[in-house]
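See below for the structure under consideration.
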Amino acid sequence: MKRNIRTIVSVALISCVTGNISCKKYLDRSPESVVSAETAFKDFTNFQGFTEELYNCIPDFTNRYWTNSWNWGDDEIQSSALNFHLVNKIDNGDFWGWQREFDGWGAGWMDVNNANTSDDRFSKGLWPLAWYGIRKANLGLENMALLKNATDEERNLIKGQLLFFRGWFHFQLMQYFGGLPYINKVLPADQDLREPRLKYQECAALAAKDFREAADLLPLNWDNTGPGSRTPGKNQQRIDKAMALGYLGKNYLWAASPLMNMVSTGNRGYDVELCKKASAAFAELLVLTESGQAPYKLLPFNRYYTNFYTFGQNWQLPGGSGPDGTEALFRGPYWDAHGSTYGTAKQYTPGPTIEEGNVVFTPTANYVKNYGMKNGLPIPDMTKADPESGYDPQYPWKNRDPRFYNDIVFDGIKMVKGSMPSNIAEFNRYANLYTGGSSRDERVGSRTGFLLFKFTPITSNRFDQGYAYGQNLNIRVPYMRLADIYLMYAEAATVGYGSPLGKDPAFSKTALDAVNVIRDRAGAGKVAAKFQGSADEFMKEVRRERAVELSFEGHRFNDLRRWMQFIDLPYTLKTAIEFDRASALDPTVDPKDNRVINLRERTILQRPFTEKHYWFPLKRADVNMYPEFKQNPGW
């Protein structure tokens, strides 16, 4: 993105962040401008040069380190050979691990040493750069009056971006830490922060004000603006009206959710009025996309994978959005293309046979159960037959939701397509995920009986041609995509209007329609009639649909927390399946039709969570600044 943007912006006017930044040090920072304010903010080109740095404050959680952990719910487990990733600390209840002071390898993306806004992917940490970005946005907003040599359109573009980023950085921090001071002015560099922590919903109301104003100022398509017309086709990641509406709705829905409502009001249910506000924002966005006014649409399922990776495409330049970038609403910059491709791809491929590595992330069996049957019905128990859905534990891979086959590698799948060295047995080209199989290895392989290939092609292994060592594979998971908007709308409209048939007055689709739009795209069955009788029953399917459609994209941890399910059984469990093959693997038989016997589920771990684990602990140095900046309960 940054390279594309610089074709508009001729100079960069603001110094980068250097050193270790905490909440307090952010406030102590000297003024950012390296030239006078009159020069920095006098025209659109210079002011946009100032604003551009905010894009480089967005962490790329997919590629922050050599291998990367961003799924901390009940969805994923790491091989046991190494334990430095945050998911291992989360599993042990050690939530201090998000902080660089407790991250010996420096592998996380929440907090890093030497945070800065250069093109170095290793320097991107959410905590330090969010505070820096908030101050920078405030500095720009307070100097809008100096933007004299500009059109109204140019002023709106600048102000809209600044307001969006101020809201976005606050929102990103709030969802992990709860209500914080909402900083909407430039505080003197020689003055310590004294602002009290707000309740979550108070903080969210201020973020909503920023997102709403940003949405009103920003265009639907930068290509159709004067400044954007200078770089047609290269403006995809610039903040636009759709992005602002998406985060306006998400901010309202999060504030309405049981956890956030409980800490704000004591009520453990949803806030109905905030759900109505959320559904209105999502409806406004969906009207724009479905009418074709906004340049976003759902990808066809045969191109679904390009939401997450491209293979053999020119996506390596910063700002490349992929050949089918219409579904991703919000991504950050893509730095150092291919610097992490090899490690990120390898972390889904099992050792010790078809890959050489010892950090492998695999889907948990308890999570894979969310992938129901092709007819749309859920699987109550993987170990028992279910005549209603048609699930048969002797044929557990048969007639499943099409997204199961897109995302999950199960026993018998052919993983190596090309030739293999003569010293490696031929059977190792297949996923041998039965109990005792060569792909099952606690230390360097699958611990659960499944593998994940949502973010890589099946040929990501050390034998097939065109593997990630070269320039062919680019992996990049978006922060927000259009499918998420439909599902958040379904959740908000169901609660806000008390029924699966609830809908915002401005949008034609009901909550039920919105879920079925996503299922229809995948070729999965619609929501069954038995789930349409009440809001409570329907919400079970809404939540399961989020688990399937948004699987492994970093949403589950925050979803379970905001629903107040995170610390309860069965969500504290991570499990594996154990089974035997009924007969030797026959390469001529479709793996879906393979029969298994003795299928059972085994608990790998139960996570020791209590009420305090609903929020990350704040840094000790920050909570010691002044009494009103309180630590989160239990920490």
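Tabulated values for the structure
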| item | result |
| --- | --- |
| Packing rank of 550-560, 597-607, where each peptide gets the mean count of other beta carbons within 10 Å, highest leading | 550-560, 597-607 |
| Footprinting exposure proxy for Leu198, Leu452, Leu253 (fewest neighbouring C-beta atoms within 10 Å first) | Leu198, Leu452, Leu253 |
| Percent breakdown of C-alpha pair distances by 10 Å bin, ordered from the shortest bin, for region 324-463 | 11, 36, 31, 19, 3, 0 |
| Which of Phe531, Leu173, Ser257, positive extreme of dipole for the chain (C-beta unit charges) | Leu173 |
| Rh by Kirkwood over Cα pairs, then Stokes-Einstein D for region 168-318 at 1.002 mPa s and 20 °C, µm²/s | 121 |
| Computed over region 108-161, Cα set: Rg, Dmax in Å | 14.6, 43 |
| Ranked Tyr304, Tyr348, criterion: other C-beta atoms within 10 Å, fewest first | Tyr304, Tyr348 |
| Top positive-direction residue, dipole computed over the chain with Cβ charges, set Tyr200, Leu129, Asn149 | Asn149 |
| Simple Cβ-charge dipole of region 459-610, Lys/Arg +1 and Asp/Glu -1, about Cα centre, in debye nearest 20 | 240 |
| On Cα atoms only, tilt of 511-522 relative to the major axis of the chain in degrees | 60 |
| Over 29 Å (Cα to Cα) - which of Lys250/Lys297; Lys199/Lys277; Lys374/Lys414; Lys124/Lys185; Lys199/Lys454 fall in this group | Lys199/Lys454 |
| Spin-label model distance (nm) - Arg268 vs Ala529, 7 Å beyond Cα toward Cβ | 3.5 |
| Per-bin percent of Cα-Cα distances, region 75-233 [10 Å] | 9, 28, 32, 20, 9, 1 |
| Over region 28-148, equivalent-ellipsoid semi-axes from the Cα gyration tensor in Å | 37, 12, 11 |
| Cα coordinate range in region 67-107, projected on the principal axes (Å, largest first) | 26, 19, 15 |
| Value of [θ]222 nm, deg cm²/dmol, for the chain, DSSP H segments ≥ 4, -39500 (n - 2.57) each, nearest 500 | -9500 deg cm²/dmol |
| Where only C-alpha atoms are counted, convex hull volume of region 136-229 per residue in Å³ | 106 |
| Mean separation of Cα contacts under 8 Å, 6 or more apart, over the residue count of the chain: relative contact order % | 17 |
| For region 397-476, convex hull of alpha carbons as volume per residue, Å³ | 122 |
| Inverse mean reciprocal Cα-Cα distance (Kirkwood Rh) of region 529-635, Å | 18.3 |
| Neighbour-count ranking [beta-carbon atoms within 10 angstrom, fewest first] of Lys374, Lys503 | Lys374, Lys503 |
| Region 482-527 - Rg (one decimal) and Dmax (whole number), Cα, Å | 9.9, 28 |
| For region 147-188, size of Cβ-based charge dipole, Lys and Arg +1, Asp and Glu -1, in debye | 160 |
| Counted charge near Ala345, where neighbours are those whose Cβ lies closer than 14 Å (Asp, Glu -1; Lys, Arg +1) | +1 |
| Under 9 Å, Cβ to Cβ, from Ile183 - net charge with Lys/Arg +1 and Asp/Glu -1 | +2 |
| Mean Cβ count within 10 Å, highest first, over the residues of peptides 240-252, 578-590 | 240-252, 578-590 |
| Projected area averaged over orientations for the chain, convex hull of C-alpha atoms, nm² | 26.4 |
| Directionally averaged projected area (convex hull, Cα atoms, region 409-532), nm² | 11.8 |
| Extended-chain gain in nm, criterion 0.36 nm per residue less alpha-carbon gap, Asn624 and Asp120 | 178.3 nm |
| ³J(HN,Hα), Karplus 6.51/-1.76/1.60, whole Hz, each residue of region 541-556, x for Gly, Pro | 6, 4, 5, 5, 5, 4, 4, 7, 5, 9, 4, 6, 9, x, 8, 4 |
| Number of Lys pairs (Cα under 26 Å; 8 or more positions apart or on different chains) in region 514-635 | 9 |
| Tilt relative to the chain, helix 200-217 - C-alpha long axis, 0 to 90 degrees, to 10 | 70 |
| Rounded to the nearest 20 debye, dipole of the chain from Cβ charges on Lys, Arg, Asp, Glu | 120 |
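Throughout, read-outs are computed from the coordinates displayed, never taken from laboratory work. What you see is a predicted model, and the numbers here were worked out from it, not measured in a lab. Note that each Cβ is placed from the backbone with ideal geometry, even for glycine, and that neighbours are counted across all protein chains shown.
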